[in-house]
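Chemist: Supplied in structure tokens, the structure appears directly below.
The values are calculated or read from the model by the stated rules, or taken from the named source; none is laboratory data. What you are looking at is a predicted structure, and each value in this text was computed from that prediction instead of being measured. Every residue, glycine among them, receives a Cβ derived from its backbone with ideal geometry; neighbour counts consider all protein chains shown. These accessible areas exclude ligands, DNA and RNA; they are computed on the full protein's heavy atoms, side chains included. Shrake-Rupley method; radii C 1.70, N 1.55, O 1.52, S 1.80 Å.
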Amino acid sequence: MEVLGIDIGGSGIKGALVNTETGTMLTERFRIPTPSSRKPEEMAEVVAQIVRHYNYSGPIGVGFPSIVKKGICKSKGNLHKSWVGVHVPELFEKHTGCPVVVNNDADAAASAEMAFGAGKDKKGLVMMVTIGTGLGSGAFLDGKLIPNFELGQIPYKNYDKIELWASAAAKEKEMLSFKKWAKRFNTFLKYVELITAPDLIIVGGGTSKDWERFSEHISIETPILPAEFLNQAGIIGAAMGAVQL
Ligand code: BGC
């Protein structure tokens, strides 16, 4: 099935047409910066712009950077607080005129890696961690998604949540070297290990493309792999979510 997948992030909203049977992207990725307000209507308009860019009509699968339960945004994540309580598919349907399915962004990325990438045929607890504006987590137990794991929300030192200290956004804001930042990320991974005892950790999100630059500073016991689709896992997995339509 050919589906438009859209991955919504704190800094960019990205889309591509995806073949959901093979997990391949059929077009170049198209990216528009996330509006700085990070408010619902403005972000929905960017989603509509992406749909128009591809002259697309049909089902849309969206990866969304917060807890999504039955379509409803349950936490603000790194977005504007007015998102909480919004029925996200309904809002995007209003702006695009297409049927929309919305899942958490890290759950979407993990779905792509489990089906076609680093998690293929892997049993036990596989934890995908995405590094971007926040730290996302997508958990699969024996091949089945456990939705809305929020490991980036663990409080740490003076920070409300560890993602404010160890995400790609923190690296950029504090101009940290890969080495300095990777030490923080490693601390995060140690918590992931301690709290969830996973069998495999897959590292995705924008920063996973730099895996070679920071992997030497990662020292955990759990086997760890970079995402095969790197940051594109988010778009591919988002599209896969729309197959139910
Ligand atoms: C949100 C998660 C999301 C992650 C990555 C966090 O702020 O709470 O739901 O997966 O950012 O975007």
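Chemist: Return the residues of the stretch 166-190 that are touching a strand residue (DSSP E or B) at 6+ places or on another chain (Cβ under 8 Å) and within 15 Å of the ligand (Cβ to nearest atom); say none if nothing qualifies.
Modeler: Ala166, Ser167, Ala168, Phe185, Phe188
Chemist: Of everything in the stretch 157-173, what is in a loop (DSSP other than H, G, I, E, B) and open to solvent by 70 Å² or more (accessible area, probe 1.4 Å)? Give them in sequence order.
Modeler: Selection gives Lys157, Asn158, Asp160.
Chemist: Only one of these is open to solvent by less than 20 Å² (accessible area, probe 1.4 Å) and touching a residue at least 40 places away in the same chain (Cβ under 8 Å): Ile195, Ile154, Ile202. Name it.
Modeler: Ile202
Chemist: Then there is this: With Glu113, Glu163 as the choices, which residue is in contact with a strand residue (DSSP E or B) (Cβ under 6 Å, 6 or more places away or on another chain), away from the ligand (no atom under 12 Å from the Cβ) and of a type in the set (D, E, K, R)?
Modeler: Just a single option satisfies the conditions, and that option is Glu113.
Chemist: Checking the conditions here, which among Ser57, Ser66 is open to solvent by 70 Å² or more (accessible area, probe 1.4 Å) and among the small types (Gly, Ala, Ser)?
Modeler: Result of the check over Ser57, Ser66: Ser57.
Chemist: Scan Leu176, Leu145 and give me the residue that is open to solvent by less than 60 Å² (accessible area, probe 1.4 Å), among the aliphatic types (A, V, I, L, M) and more than 20 Å from the chain's Cα centre (by Cα).
Modeler: Leu176
Chemist: Out of all the residues in the stretch 190-209, which are part of a helix (DSSP H, G or I) and either on the phi > 0 side of the Ramachandran plot or within 17 Å of the chain's Cα centre (by Cα) (or both)?
Modeler: Residues satisfying the conditions are Val192, Gly206, Thr207, Ser208, Lys209.
Chemist: Let me ask something else about it. Which condition from (1) touching a residue at least 40 places away in the same chain (Cβ under 8 Å); (2) under 26 Å from Gly152 (Cβ atoms); (3) assigned to a loop (DSSP other than H, G, I, E, B) is the one that Lys76 breaks?
Modeler: Unmet condition: (1).
Chemist: So which of Glu174, Glu150 ends up being within 19 Å of Leu79 (Cβ to Cβ) and not small (Gly, Ala, Ser)?
Modeler: The conditions single out Glu150.
Chemist: Please go through the stretch 75-89 and give me each residue that is more than 16 Å from the chain's Cα centre (by Cα), open to solvent by 10 Å² or more (accessible area, probe 1.4 Å) and not hydroxyl-bearing (Ser, Thr, Tyr), ordered by number.
Modeler: His80, Lys81, Val84, Gly85, Val86, His87, Pro89
Chemist: Among the numbered conditions (1) away from the ligand (no atom under 15 Å from the Cβ); (2) of a type in the set (Gly, Ala, Ser); (3) under 23 Å from Arg29 (Cα atoms), tell me where Ala197 comes up short.
Modeler: (3)
Chemist: While we're looking at this one, here's another question. Looking at the stretch 25-39, can you tell me whether even one residue there is under 16 Å from Ala242 (Cβ atoms), small (Gly, Ala, Ser) and open to solvent by 20 Å² or more (accessible area, probe 1.4 Å)?
Modeler: Within the stretch 25-39, not a single residue is under 16 Å from Ala242 (Cβ atoms), small (Gly, Ala, Ser) and open to solvent by 20 Å² or more (accessible area, probe 1.4 Å).
Chemist: Does any residue of the stretch 117-135 turn out to be of a type in the set (Asp, Glu), closer than 19 Å to Cys73 by Cβ and either more than 16 Å from the ligand (Cβ to nearest atom) or at pLDDT 95 or above (or both)?
Modeler: Scanning the stretch 117-135 turns up no residue that is of a type in the set (Asp, Glu), closer than 19 Å to Cys73 by Cβ and either more than 16 Å from the ligand (Cβ to nearest atom) or at pLDDT 95 or above (or both).
Chemist: Could you list all residues from the stretch 75-110 that are in contact with a strand residue (DSSP E or B) (Cβ under 7 Å, 6 or more places away or on another chain) and more than 15 Å from Gly61 (Cβ to Cβ)?
Modeler: Trp83, Val84, Gly85, Val86, His87
Quick grid of which residues meet (1) more than 24 Å from Cys73 (Cα to Cα); (2) in a loop (DSSP other than H, G, I, E, B):
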position: Leu4; (1), (2): no, no
position: Gly15; (1), (2): no, no
position: Val18; (1), (2): yes, no
position: Thr22; (1), (2): yes, yes
position: Ser37; (1), (2): no, yes
position: Val47; (1), (2): no, no
